[in-house]
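The values are calculated or read from the model by the stated rules, or taken from the named source; none is laboratory data. Predicted, not measured: the structure shown is a model, and the values here were computed from it. All Cβ positions, even for glycine, are placed from backbone atoms using ideal geometry, and neighbour counts span all protein chains on display. When the accessible area is computed, the model is the full protein with side chains, heavy atoms only, and any ligands, DNA or RNA have been set aside. Shrake-Rupley method; radii C 1.70, N 1.55, O 1.52, S 1.80 Å.
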Amino acid sequence: MADSASTPPACGCKGIRSCLVCESPAGGLAKGIHKRKSFVYIPEEGVAKGVEQTVAAGWCFPFQGVSLIKEFVTEDEERDMVHVMDQDEWRLSQSGRRKQDFGPKVNFKKQKIKVAGFTGLPSFSKMLWERMKGHTVLKGFLPVEQCNLDYNADRGSAIDPHFDDSWLWGERLVSLNLLADTVLTMTSASMDTLQLFSSMNQDSELNGICSQNNNVTNVQSVLQGDTAHSTSKTLVPYSDVEVAIHLPRRSMVVIYGDARYNWMHAIHREHIKQRRVCSTFRELSAEFRTGGKEESQGQLLLDIALGFQGKPV
């Protein structure tokens, strides 16, 4: 049994990753500071809006591929689920996290799957899956893997910007946020141009996009902090933009489409103020579903996963 209140004496960091344990004077590591985020996602509007008092203020753009479901579980359900998790071992992971994996062992580089030892998703997740079926964005979602992650401010827990695998895992990534609010930060390394819209003037042609909009200026107007917005559109590199998605406690976020494949996601250290636990669920890619060349192996994985008899592997 894992003690949820204790801080482990060591860490699981490898390579360039670090946490507060290995960044001690003895460890001699220093964590780089990421640039300040400039946009915040507005779920009700499906847009990212510039953060006030930054050079992005007054600009916005449609941000596609995110669905936020608030109050997905109750306080009692949250307490019971975390209690069940804490009966199993939390294993050290990188960047100050601890984890519990309920899924097959996978070598993504060699594209090899080891089914032995995989006993399915945990029993409490059956209730979550049944509830997912009531949301259009999760229609037909068949969870084949679940990863529980434990974040703690004392360990400097975080997760670096990354894309989830797309060989085995399908389009939708589903994450349940427990015990604390946090922020999911979306970034891109692409130098392609992203069109921003001004919210200063109404433009009927862009009705519904960023609420208020109106011709393309150059990137310097935003990067140099020009707030006059003499024109109502501008182009910036994707790589210059961060989008913060605020995740309330007990909410579920679904990442798909553009947000899944074109934007990396991360949890920054400063957004972990207290213990935070999340459960992330993944579905199979088309290659492992009906009609795919690995359909039989995919069906085997689903049969095990949806038996809901799992223990961490």
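How many of the residues making up the stretch 42-100 are buried (at least 16 other Cβ atoms within 10 Å of the Cβ), assigned to a loop (DSSP other than H, G, I, E, B) and among the polar types (S, T, N, Q)?
Qualifying residue count, the stretch 42-100: 1.
Restricting attention to the stretch 107-116, which residues are outside any strand (DSSP E or B) and under 24 Å from the mean Cα position of the chain (by Cα)?
Listed by number, the residues that qualify are PHE108, LYS109, GLN111.
What's the total number of residues in the stretch 101-116 that are open to solvent by less than 20 Å² (accessible area, probe 1.4 Å) and under 29 Å from VAL243 (Cβ atoms)?
The qualifying residues number 1.
When the stretch 167-193 is examined, which residues are found to be of a type outside the set (A, V, I, L, M), in contact with a Lys or Arg (Cβ under 8 Å, 6 or more places away or on another chain) and part of a loop (DSSP other than H, G, I, E, B)?
Once the filter is applied, which keeps residues that are of a type outside the set (A, V, I, L, M), in contact with a Lys or Arg (Cβ under 8 Å, 6 or more places away or on another chain) and part of a loop (DSSP other than H, G, I, E, B), the stretch 167-193 yields only ASP181.
When the stretch 138-194 is examined, which residues are found to be within 15 Å of the chain's Cα centre (by Cα), over 28 Å from LEU284 (Cβ atoms) and of a type in the set (Ser, Thr, Tyr)?
Within the stretch 138-194, SER157 is the sole residue that qualifies.
Just the residues that are among the aliphatic types (A, V, I, L, M) and either in a helix (DSSP H, G or I) or open to solvent by 10 Å² or more (accessible area, probe 1.4 Å) (or both), please, taken from the stretch 117-157.
Correct list: MET127, LEU128, MET132, VAL137, LEU138, LEU142, LEU149, ALA153.
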